[in-house]
Amino acid sequence: MRTDYAAGLDMKDLGRTVSACGWVQSVREHGDHLVFIDLRDATGTVQCVITERMELHLEWVLRVTGVVRARPVGTVNAAIPSGEIEIADAVVEILSQAQPIPFAISGHRDGNTDELVRLKYRFVDLRRSRLQRNLRARAQINSAIRSSLEESGFLEIETPLLWTPTPEGAREFAVPSRLQPGKFYVLPQSPQIAKQLLMVSGFDRYYQIARCMRDEDLRSDRQFEFTQLDLEASFVTQQDVRNFITKAVANATAVVTGETNLDFPTITHREAISRYGSDKPDLRFDHSIVELSESFKGSGIRAFDQPSLGAFVAPGSAQLTRSKLDELVDRAKSLGAAGLVWMRVKGQGETLSVDSPIGKLLDGGQVATIVEATSAKEGDVVLLVSGEFGLVRSVLGTLRVELGRRYLELSGLKYLWVIDFPMFEGLDEQGNPIAAHHPFTMPNPDDIDMMQSEPLSVRAQSYDLVLNGWELGSGSIRINDPTVQAGVFTALGISDEEAEARFGFLLNAFNYGAPPHGGFAFGIDRLAALLCGEETIREVIAFPKTQSGMDMMTGAPKAVSNSILGSYGLTVKVDKPMSTGS
RNA sequence: GGACCUGUGGUGCAGCUUGGAGUGCACGCCGGCCUGUCAAGCCGGAGGCCGCGGGUUCAAAUCCCGUCAGGUCCGCCA
């Protein structure tokens, strides 16, 4: 049917009779005997010239046959690969007609349509070059990851989608059982436990590009279902695991962006919080936070004499007018800070001074201390927040990212490994520590003694991969020693009976010869979105759902008939009738 | 569960602050003209429950209340 793709035709094909198939992207009629058609297929477009006018409309599907000839001098279109040639004396076969499409998919009108309409007609939306490019890039990412891991001896193994409830962590989607009415499978939040079992089975390098499901509220970077690169290996150190992932991610990045000189620096969790106020710092810009509390102990300045005093130079200082600074103070308060002090640096050396609401309270030495510590230059605005260390860092970290993304020209890809996460991230209502990763994460051997006495100081052998301030994924070395596992469960306040009920099948497996192992999982949707320069993962997913979890194209979720419910032994009871939209 | 932004012919927008005939712009659609365009051009035309419901008013796209939908965020996402 087709001899060539549109974008593949060029001067080498002169004189050939070719057939191209695709959609009508543009019709330009110059009377009955000269009509130009831009025919679009999966690769691009080619101009076809017909000399007998016929009925043709946008998005009709055609097979066009004709002779490739060079375009007349002065009519070459340098913007497309086939722009030097055209299919002349074209014979057009109409393969399918189309109603007028609901929104423009090419030209200058492309790309601004309400997402509601785009999602309803997603099959049309996906014809747009941007989404075509994104989904092709995504496929290349998967392919690059597969070849990289297989080169290192990893084996792709599928794990069940119909899994068992593990009552902890993300809310799970339940699937009713017909053969066991009243009982449920759940869809996996991740193949975490399955892959650990595969390690016990001796498949010492496993990976899977795995679909995962979490019934939590959606965001621009979160859908119910998402795709992870899931990986686990035995007899490895965490450095080994990070090397595997680094290689796979570097490979995927190179394929999509052509970028081959990527750095994957490592920073400890403690340092990330201290310097950037975030466990997933955006390193496309510096503006790091410095700690000044030592310098102002006993200074008498109440706002500064606090457990922590953090300061950094505001990105976009030059654009921060007085009213914008006032807004920043409000923003800091809404983030939980008691207040925010700003100071604009005036002069330098001998003439150094600052313009600030608290300027009168500071002597020259104190001003110099702040300016020197933050490396502020004349005209810079230094932002300071005081209070408890954690709050100071979260407020300044948020402001740092918000200002940086708003005022700085950010470009490039900045990967970062964040290591040495704490084992626990605080205490629950009963005073038990809350696991920061999952309860199978191996503590740092140097810290195991503190498990009972000082659990919040225990570091885990876990690590996150961060790209441009987005958490791509995380991993850890797992516990394979039942004694250590028991200690962690005790610290978490999980009784033997409870552990048995939740994870019994895994703990049991560990009694039959469990190798030391560790792994990682990261979000392919997020990686693809970042590599494609997209703000949301919906732009790299063929059929995404809206924030309320609806599929605008199919109408899902929908009610099902009583006979279907009956076969599962279910009845439906709802307070609110299902929304029908408007 | 909460906060904020948005909803106007098929699409994108303006109009809303300060109520006065659905008035305008661009694109698409339909018809006509047109032999080198590529966002073709020119002429003409059709197309509207101003998301939905209620309220205020002589009068509501505009003001008020509620509601639905889309988006962004908080909570949530071991």
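The values are calculated or read from the model by the stated rules, or taken from the named source; none is laboratory data. On a predicted model such as this, the values are computed, not experimentally measured, just so you know. In this analysis, Cβ positions are derived from the backbone assuming ideal geometry, glycine residues included, and neighbour counts consider all displayed protein chains.
If I filter segment A:138-158 for residues that are within 25 Å of A:Met1 (Cβ to Cβ) and either in contact with a strand residue (DSSP E or B) (Cβ under 9 Å, 6 or more places away or on another chain) or not assigned by TED's automatic domain parsing to the domain that holds A:Ala499 (or both), do I get at least one hit?
Yes, the conditions are met somewhere in segment A:138-158.
The rows are residues; the columns are (1) hydroxyl-bearing (Ser, Thr, Tyr); (2) touching a strand residue (DSSP E or B) at 6+ places or on another chain (Cβ under 7 Å); (3) farther than 30 Å from A:Leu116 by Cβ.
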| position | (1), (2), (3) |
| --- | --- |
| A:Pro482 | no, no, yes |
| A:Leu492 | no, yes, yes |
| A:Pro515 | no, yes, yes |
| A:Ala528 | no, no, no |
| A:Arg538 | no, no, no |
| A:Ala542 | no, no, no |
| A:Gly549 | no, no, no |
| A:Tyr568 | yes, yes, yes |
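Going through segment A:368-390 one residue at a time, which ones are buried (at least 19 other Cβ atoms within 10 Å of the Cβ) and in a helix (DSSP H, G or I)?
A:Ile370, A:Val371, A:Thr374
Just one of A:Val67, A:Val27 is of a type outside the set (S, T, N, Q), without any contact (Cβ under 8 Å) to a residue 40 or more places away in the chain, surrounded by fewer than 20 Cβ atoms within 10 Å (Cβ to Cβ) and not in a loop (DSSP other than H, G, I, E, B); which is it?
A:Val27
Name the residue, out of A:Gly513, A:Gly549, that is on the phi > 0 side of the Ramachandran plot and either within 12 Å of RNA strand B (Cβ to nearest atom) or of a type in the set (Phe, Trp, Tyr) (or both).
Numbers: A:Gly513 fails: either within 12 Å of RNA strand B (Cβ to nearest atom) or of a type in the set (Phe, Trp, Tyr) (or both).
Checking each option against the conditions leaves just A:Gly549.
On the given criteria, is A:Leu362 farther than 30 Å from A:Ile479 by Cβ, within 33 Å of the chain's Cα centre (by Cα), crowded, with 20+ Cβ neighbours inside 10 Å and not β-branched (Val, Ile, Thr)?
Answer is no for this residue.
State all residues of segment A:417-447 that are at pLDDT below 90 and either more than 9 Å from RNA strand B (Cβ to nearest atom) or more than 20 Å from A:Ile193 (Cβ to Cβ) (or both); if no residue qualifies, say none.
A:Phe424, A:Glu425, A:Gly426, A:Leu427, A:Asp428, A:Glu429, A:Gln430, A:Gly431, A:Asn432, A:Pro433
If you go through segment A:286-298 one residue at a time, do you hit one that is outside the structural domain of A:Gly202 (by TED's automatic domain parsing), buried (at least 16 other Cβ atoms within 10 Å of the Cβ) and closer than 30 Å to A:Ala194 by Cβ?
There is no residue in segment A:286-298 that is outside the structural domain of A:Gly202 (by TED's automatic domain parsing), buried (at least 16 other Cβ atoms within 10 Å of the Cβ) and closer than 30 Å to A:Ala194 by Cβ.
Please list, ordered by residue number, the strands (runs of 3 or more DSSP E) wholly in segment A:148-258 having 3 or more residues that are more than 30 Å from A:Asp428 (Cα to Cα), of a type in the set (A, V, I, L, M, F, W, C) and modelled with pLDDT of 95 or more.
A:225-234
Scan (1) surrounded by 11 or more Cβ atoms within 10 Å (Cβ to Cβ); (2) within 13 Å of RNA strand B (Cβ to nearest atom); (3) of a type in the set (S, T, N, Q) for the single condition A:Asn562 breaks and write down its number.
Every listed condition holds for A:Asn562 apart from (2).
Looking only at segment A:448-460, filter to residues that are in contact with a Pro (Cβ under 7 Å, 6 or more places away or on another chain) and more than 14 Å from RNA strand B (Cβ to nearest atom); which one of those is nearest to A:Leu527 (Cα to Cα)? Show your work before the answer.
Looking only at segment A:448-460, we keep the residues that are in contact with a Pro (Cβ under 7 Å, 6 or more places away or on another chain), and these are A:451, A:455-456, A:458-460.
With more than 14 Å from RNA strand B (Cβ to nearest atom) added as a condition, the list becomes A:451, A:455-456, A:458-459.
Numbers: A:Met451: 35, A:Pro455: 33, A:Leu456: 31, A:Val458: 30, A:Arg459: 27 Å.
Only one residue tops the list, namely A:Arg459.
Within segment A:100-115, identify whether any single residue is exposed (fewer than 13 other Cβ atoms within 10 Å of the Cβ) and at pLDDT 95 or above, and answer yes or no.
Among the residues of segment A:100-115, not one is exposed (fewer than 13 other Cβ atoms within 10 Å of the Cβ) and at pLDDT 95 or above, which makes the answer no.
Sort through A:Ala137, A:Ala104, A:Ala90, A:Ala144 and tell me the only one that's of a type in the set (Gly, Ala, Ser), touching a residue at least 12 places away in the same chain (Cβ under 8 Å) and not in a helix (DSSP H, G or I).
A:Ala90
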